[in-house]
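K.L.:
Below is the structure I would like to discuss, written out as structure tokens.
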Amino acid sequence: MVASAGIPMYDIPFLTAGGGIGSFVTLDYLRIYGVPTSQMRVVSNIDHPWQTYEFLTRCSQIPRSERIRSDSSSRPDNLWGFPSYALEEAWKDKNPAYLWQLLTEPLLNDYWTPRAGTVFENLEREAKRIGYWDMLVKGQVRMVRRRSGGGYFTVVTPPEGAAPTKRIVFRSRFVHIAVGYPGLKFLPDLQEFRTKYSDYQHVVNAYEPHEQVYEFLKTRPGTVVIRGGGIVASRVLQRLFDDRERLGLKTQIIHIFRTFVTGSHGPHIWARRKGGDGWAYQGFNYPKSVWGGQLKAEMRKLEGADRAKKYKEMGGTNTPYRRRWQEQMRAGRSGGYYHAVQGTVDRVERAPDGRLVSYVRSSDGIVREPVADYIIDCTGLEADIAEHRVFADLLTYGGAGRNPVGRLDVERHFEVKGTASGDGALYASGSATLGGYFPGVDTFLGLQIAAQEIADDLARRGFVRKMGPLRSTSQWFKWVFNSPV
Amino acid sequence: MVPTLIGRIQTRLFLLATVGVVITLLVMPVVPGAAGPLGDLYVTGLLVLVAVGVLGVGWELLYHFLMQFRWEKDWPTLFGLLTLVPEGLLLYFLLRSGAVGFIDPIPPAAFWTHFTVVWVSMWLVANGPMRVPFIRWRFRGGRVL
Ligand SMILES: Cc1cc2nc3c(=O)[nH]c(=O)nc-3n(C[C@H](O)[C@H](O)[C@H](O)COP(=O)(O)OP(=O)(O)OC[C@H]3O[C@@H](n4cnc5c(N)ncnc54)[C@H](O)[C@@H]3O)c2cc1C
């Protein structure tokens with residue numbers, strides 16, 4: 001049918017859709033396990049795997065010179081996680097202090113985390129080494145459909161002028177979907193404001209470019225409202241505080257927490273997270289043992305409501321406790337320019353002078369009406385999965401379903417449940433699969449864990465040889481010497 | 001690696017049997033304060049490893065219990081190094097008191113040199129190189145099997 005419609009069709013045994021970090025680490029694993037580039041394609045709308053990540057981190061105030069959230073051995077360019085980033089940066093910067101920090105984290109020191117630039121440079125090196133660009137096909141994936149003969153069709157719109165037809169189709173036995181975030185989700189009151197006043201300049205999401213805010217504040221004293229209690233809020237605050245210090249600005253900051261954490265919280269002594277001043281503190285987005293320890297093992301056994309409950313117990317917005325941030329906030333509180341309040345915002349309106357009034361209701365009944373020049377929404381990046389066309393199609397026609405927290409339901413080995421097709425399999429990883437047997441999905445290390453599960457499943461199906469200790473060691477040496485896999 | 005209980009025990013036994021044995025063979029000839037035929041020293045050194053393994057099962061249960069008080073259910077790198085102190089002391093006093101009769105008396109300097117070098121080597125291997133041959137180990141809480 002496809003062929004008769006005049007749409008060109010290409011056979012490729014393994015295809016990954018997305019082309020971000022998730023696709024990259026999966027291809028990296030499979031290349032190292034022994035799959036040649038001729039057997040795999042990655043279909044993506046970006047040119048290099050870290051592009052979307054770099055865009056989002058840059059917007060949320062982590063340029064290349066700043067440090068990211070995840071730790072030293074979460075290395076998407078190195079599946080062994082050894083040598084870790086800390087060893088590498090300590091060597092390159094000739095700075096043994098990093099090793100001391102690594103040794104004493106998180107007890108006497110904050111977690112050591114790499115610079116964004118270190119991550120990107122290494123990704124580039126590894127991408128070259130595995131022949132990433134030989135596998136890249138530029139285009140927008142429209143849908144992935146089961147094929148009656150087994151396997152899948154992936155329908156792709158190539159960039160204008162890149163192909164003679166508007167669509168091309170790939171026929172594959174295995175497909176992997178790692179398309180990242182389905183979309184930005186705005187707080188409803190802010191969305192309403194933006195639509196009502198068609199003002200996209202003063203109410204911004206931290207994941208969008210919003211340099212105009214910082215630029216404005218350099219020209220005259222102003223007030224900013226921050227919404228949200230996660231790491232992005234911490235970052236944006238740091239930028240505001242840094243600018244204040246560096247340029248002697250007079251910026252006032254009002255920080256609205258929907259959930260205001262006042263101290264350690266949790267049901268019992270064995271499940272209590274640290275917190276204070278509004279924030280819940282945690283090194284990474286989930287408790288550390290989610291990526292390999294006790295919580296990973298526990299979650300792997302849970303189904304349905306039990307699993308949803310466990311997610312609830314250990315979830316919630318949080319940010320790392322970093323000594324620098326604590327100092328800045330302390331200074332802000334005592335200097336009277338940083339005000340943190342609990343409250344939900346009923347609506348946002350424009351005052352006669354053009355500034356923004358938030359109507360904030362606290363749980364104690366007090367209503368505040370702070371006036372600000374800008375509002376920065378530092379809450380979720382998490383829209384519903386059905387907002388992504390490929391997932392919507394899979395849910396409707398592909399046999400896919402939702403997991404106990406409403407995202408894409410995957411097996412322990414990341415095959416999308418209900419989508420098997422003959423001897424083929426469809427896998428997914430990344431934030432769309434949160435709520436599965438493994439919680440840390442939306443992180444470098446989580447994407448690598450998924451990639452390993454997928455590679456091992458492909459080995460079970462005979463697509464590639466499973467990697468044992470000897471092959472792993474010899475591949476590691478190739479990584480060290482930067483020689484092709 | 002963030003351990004589970006079974007993973008802790010397996011990792012300890014595995015590292016004792018590999019890194020521990022190799023290091024013992026290397027350091028025993030040069031430990032200070034030891035006298036007697038090398039064969040006997042080796043036997044003593046290897047028996048110390050066995051004792052670290054057997055007592056270690058008990059220690060790991062304790063560590064696992066203590067870990068439950070940590071929200072993240074993690075075990076910081078530094079803990080893995082510092083636990084050498086209580087473990088070393090307990091074993092040392094057991095040996096001194098003659099409670100472990102099958103191990104010959106061992107001079108303090110020899111015991112501590114051997115014990116510390118073995119411990120630090122195992123700790124170093126567990127914090128990195130172990131992941132090179134065993135790519136699934138860190139995601140399975142330290143299980144080797
Ligand atoms: C600000 C920020 C900071 C983060 N910091 C860390 C950190 O420090 N450590 C950590 O471990 N994790 C971090 N993460 C989480 C996560 O690891 C990254 O977001 C990572 O990039 C996720 O990889 P991914 O492949 O799922 O998505 P992405 O890297 O976003 O890649 C998905 C790609 O798919 C493309 N795509 C979507 N739809 C289609 C389609 N139909 N056709 C073709 N292509 C499509 C998108 O354009 C996108 O480029 C952070 C996330 C954010 C937002």
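The values are calculated or read from the model by the stated rules, or taken from the named source; none is laboratory data. Quick caveat, the model's predicted, so the values are computed rather than measured. For neighbour counting, all protein chains shown are included, and Cβ atoms are generated from backbone atoms with ideal geometry for every residue, glycine included. Side chains are part of the model used for accessible areas, which takes the heavy atoms of the whole protein and leaves out ligands, DNA and RNA. Shrake-Rupley method; radii C 1.70, N 1.55, O 1.52, S 1.80 Å.
K.L.:
What total accessible area, in Å², is buried where chains B and A meet, using a 1.4 Å probe and rounding to the nearest 100?
P.N.:
3100
K.L.:
If the reach is capped at under 27 angstrom between alpha carbons, list the lysines near A:Lys196, excluding any in the same chain fewer than eight residues apart.
P.N.:
Within the straight-line cut-off, A:Lys196 pairs with A:Lys185.
K.L.:
How big is the charge dipole of chain A about its Cα centre, in debye rounded to the nearest 20, if each Lys and Arg gets +1 on its Cβ and each Asp and Glu gets -1 on its Cβ?
P.N.:
Computed charge dipole of chain A: roughly 660 debye.
K.L.:
Let me ask another. Averaged over its residues, how many other protein chain Cβ atoms are within 10 Å of peptide B:73-81's Cβ atoms?
P.N.:
For peptide B:73-81, the averaged partner shielding equals 6.
K.L.:
Let me ask something else. I need the P(r) histogram for the protein assembly as shown: all alpha carbon pairs, bin width 10 Å from 0 out to the longest distance, whole percents.
P.N.:
Cα pair-distance distribution for the protein assembly as shown, in percent: 3, 14, 23, 24, 18, 11, 5, 2, 0, 0.
K.L.:
Something else: Take the Cα of A:Val371, step 7 Å along the line toward its Cβ, and report every residue of region A:209-229 whose backbone nitrogen sits under 13 Å from that point.
P.N.:
A:223
K.L.:
Run through every distinct alpha carbon pair of region A:56-134 and return the Kirkwood hydrodynamic radius in angstroms, one decimal place.
P.N.:
Evaluated on region A:56-134, it is 13.3 Å.
K.L.:
Per Stokes-Einstein, at 4 °C and 1.567 mPa s, what whole-number D in µm² s⁻¹ belongs to region A:17-61, with the Kirkwood radius over Cα pairs as the hydrodynamic radius?
P.N.:
114
K.L.:
Here's a follow-up. For chain A, what does the relative contact order come out to in percent, with C-alpha contacts under 8 Å and a separation of six or more?
P.N.:
For chain A, the relative contact order is 20 percent.
K.L.:
Turning to a different aspect of this structure: On a straight-distance basis, which aspartates and glutamates could pair with A:Lys296 in a cross-link, Cα separation under 13 angstrom, same-chain partners fewer than 8 positions away excluded?
P.N.:
Leaving aside aspartates and glutamates fewer than 8 places away in the same chain, those within reach of A:Lys296 are B:Glu72, B:Asp74.
K.L.:
With the contact rule set at Cα under 8 Å and sequence spacing of 6 or more, what percent relative contact order holds for region B:1-70?
P.N.:
46
K.L.:
Helix B:84-96 versus the longest principal axis of chain B: what angle, 0 to 90°, nearest 10, using Cα atoms?
P.N.:
Here the helix axis deviates by roughly 30 degrees.
K.L.:
Need the C-alpha centroid separation for region A:214-244 versus region A:374-388, integer Å.
P.N.:
Using only Cα atoms, the two centres lie 19 Å from each other.
K.L.:
Could I ask something else about it? Check the straight Cα-Cα distances from A:Lys250 and name the aspartates and glutamates below 15 Å, setting aside those fewer than 8 residues away within the same chain.
P.N.:
Hits, sequence-local ones excluded: A:Glu215, A:Asp242, A:Asp373.
K.L.:
Now for a different question. Give me the distance between the Cα centres of region A:101-155 and region A:458-485, rounded to whole Å.
P.N.:
18
K.L.:
Follow-up question, since we're still on this one. Just to confirm the number: angle between the C-alpha axis of helix A:304-314 and the first principal axis of chain A, 0 to 90 degrees, nearest 10?
P.N.:
Helix A:304-314 sits at roughly 40 degrees to that axis.
K.L.:
Measure off, as a whole percent, the carbon and sulfur share of the 1.4 Å-probe accessible area of region B:5-140, all protein chains present.
P.N.:
The value for region B:5-140 is 78 percent carbon and sulfur by accessible area.
K.L.:
So if R0 is 56 Å, what FRET efficiency would A:Gln191 and A:Arg125 give, r being the distance between their Cβ atoms, rounded to the nearest 0.05?
P.N.:
About 0.85, to the nearest 0.05.
K.L.:
Using R₀ = 51 Å, calculate the FRET efficiency as 1/(1 + (r/R₀)^6) where r is the Cβ-Cβ separation of A:Ile269 and A:Lys166; round to 0.05.
P.N.:
0.25
K.L.:
Check each residue of region A:63-80 and keep those whose accessible area, probe 1.4 Å, is at least 10 Å² smaller with all protein chains in place than in the chain alone; give them in order of residue number.
P.N.:
Those residues are A:Ser73, A:Leu79, A:Trp80.
K.L.:
Quick one: pull the percent of accessible area on region A:108-175 belonging to carbon and sulfur, 1.4 Å probe, ligands and nucleic acids left out.
P.N.:
47
K.L.:
Right, another one. Kirkwood hydrodynamic radius of region A:313-390 from all distinct Cα pairs, in Å?
P.N.:
15.9
K.L.:
OK, next. Under a 1.4 Å probe, what is the accessible area of region B:5-140 per residue, stated in Å²?
P.N.:
So region B:5-140 comes to 44 Å² accessible per residue, rounded to a whole number.
K.L.:
If you average the alpha carbon positions of region B:58-79 and of region A:258-319, how far apart do those two centres end up, in angstrom?
P.N.:
Their Cα centres are 17 Å away from one another.
K.L.:
Taking all protein chains in place and a 1.4 Å probe, what share, in percent, of the accessible surface of region A:350-407 do carbon and sulfur account for?
P.N.:
The nonpolar share, carbon plus sulfur, comes to 48 percent.
K.L.:
If you don't mind, another one. Pick out, from B:Gly36, B:Val118, B:Thr11, the residue whose Cα sits farthest towards the positive end of the charge dipole of region B:5-140, with +1 on the Cβ of Lys and Arg and -1 on the Cβ of Asp and Glu.
P.N.:
B:Thr11
K.L.:
Which value in nm describes the separation of the simple spin-label points at A:Leu99 and B:Asp104, placed 7 Å from the Cα toward the beta carbon?
P.N.:
3.7
K.L.:
Over region A:326-485, consider all pairs of different Cα atoms and compute the Kirkwood hydrodynamic radius from their mean reciprocal separation; express it in Å, one decimal.
P.N.:
One over the average 1/r among Cα pairs gives 20.6 Å for region A:326-485.
K.L.:
Considering chain B as a Gaussian network with a 10 Å cut-off on Cα pairs, which listed residue, B:Trp71, B:Trp59, B:Trp112, attains the greatest mean-square fluctuation?
P.N.:
Most flexible of the set in this elastic network: B:Trp71.
K.L.:
Mind listing, in residue-number order, the residues in region B:97-138 that have at least 50 Å² less accessible area with every protein chain present than in their own chain alone (1.4 Å probe)?
P.N.:
B:Arg131, B:Val132, B:Pro133, B:Ile135, B:Arg136, B:Arg138
K.L.:
Could you give the size of the charge dipole of region B:5-140 about its Cα centre, using +1 on the Cβ of each K and R and -1 on the Cβ of each D and E, expressed in debye and rounded to the nearest 20?
P.N.:
520
K.L.:
Two decimals is fine: what's Rg over Rh for region A:106-262, C-alpha atoms, Kirkwood radius as Rh?
P.N.:
1.09
K.L.:
Another question about this same structure. What nm distance separates the two modelled labels at A:Lys310 and A:Thr262, each placed 7 Å from Cα along Cα→Cβ?
P.N.:
With each label point 7 Å from Cα toward Cβ, the separation is 3.2 nm.
K.L.:
On C-alpha positions alone, give me the angle between the axis of helix B:38-67 and the longest principal axis of chain B, in degrees, nearest 10.
P.N.:
30
K.L.:
With each label point set 7 Å from Cα along the Cα-Cβ vector, what nm distance links B:Leu84 and A:Glu327?
P.N.:
Reported label-point gap for B:Leu84 and A:Glu327 is 3.2 nm.
K.L.:
So, one more: What's the local net charge at A:Gly283, with K and R +1, D and E -1, over the other residues with C-beta under 9 Å away?
P.N.:
Local charge sum for A:Gly283: -3.
K.L.:
Next up: More than 26 angstrom separation, counting every C-alpha pair in region B:5-140; what % is that?
P.N.:
Percent of Cα pairs beyond 26 Å in region B:5-140: 24.
K.L.:
Another one. Among B:Ile106, B:Ile23, B:Ile135, which one moves the most in a GNM of chain B with springs linking Cα atoms closer than 10 Å?
P.N.:
Taking springs between Cα atoms under 10 Å, the residue moving most is B:Ile135.
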